[in-house]
Amino acid sequence: MSSHQLSVFPEQSASCSVMTPIHVSFSSEDDTLGVLWEHGYVELWSLKIRLAPGNTKIMDPSKVWSGSIAKNDESSPARFRQLALKVVDAQTASYSITTLGAEGASNDYISVATIDQGLLKQNDFLSLPGRNNRLLTPAVDGVYEMYNGNIFARRKWTSFKMTEF
């Protein structure tokens, strides 16, 4: 049973036949929902959830951003599997989207996309040492967990230095 169902579909411009999202994540700042498809297409939805009792709709969702955060390298397509979302400023449609994925049999990598005023402004890709990592969510900025349970943090996205805790 649900009080509302949200239908999500990648846009026709997204070149993939997979219609089911691989991961969803809520921001910890408000009621924004991030939806990730395996090929790197992302949708952000403002759910506008009604918290008080009343006779109006329980939520009135609207899509605030959609687009691809994948590298533009078709020779080795990425397979994304996890998303973490941070709302920087909902009024100006500014978000930080962190995704985790891999290319073929290579190491995992993190993509950090910055959405500012509804436009993709920056997308940094950082290679990780190894495979089968995971993001710590809710979005713990710059921290991830290795497959063996070790926790690592980055010092800066520009120079990715690993620190083990």
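Run the numbers for Val8 and Gln122: contour at 0.36 nm per residue of separation, minus the present Cα-Cα distance, in nm.
Extending this stretch completely gives an extra 38.6 nm.
Non-local amide H neighbours of Trp65 (under 5 Å, H modeled in plane, Pro and chain starts lacking H): which ones?
Leu44
Just to be sure I understand the model, the point goes 7 Å from the Cα along the line to the Cβ. What's the resulting Thr114 to Asp60 distance in nm?
Between Thr114 and Asp60, the simple spin-label model gives 3.3 nm.
Could you tell me what % of all Cα pairs in segment 23-131 have separations over 17 Å?
Summing the P(r) of segment 23-131 above 17 Å gives 54 percent of all pairs.
Since every read-out is calculated from the coordinates, none of them should be taken as a lab result. Predicted model only: the values in this text are computed from it and were never measured. Here Cβ is always computed from backbone atoms with ideal geometry, including for glycine, and neighbour counts include all displayed protein chains.
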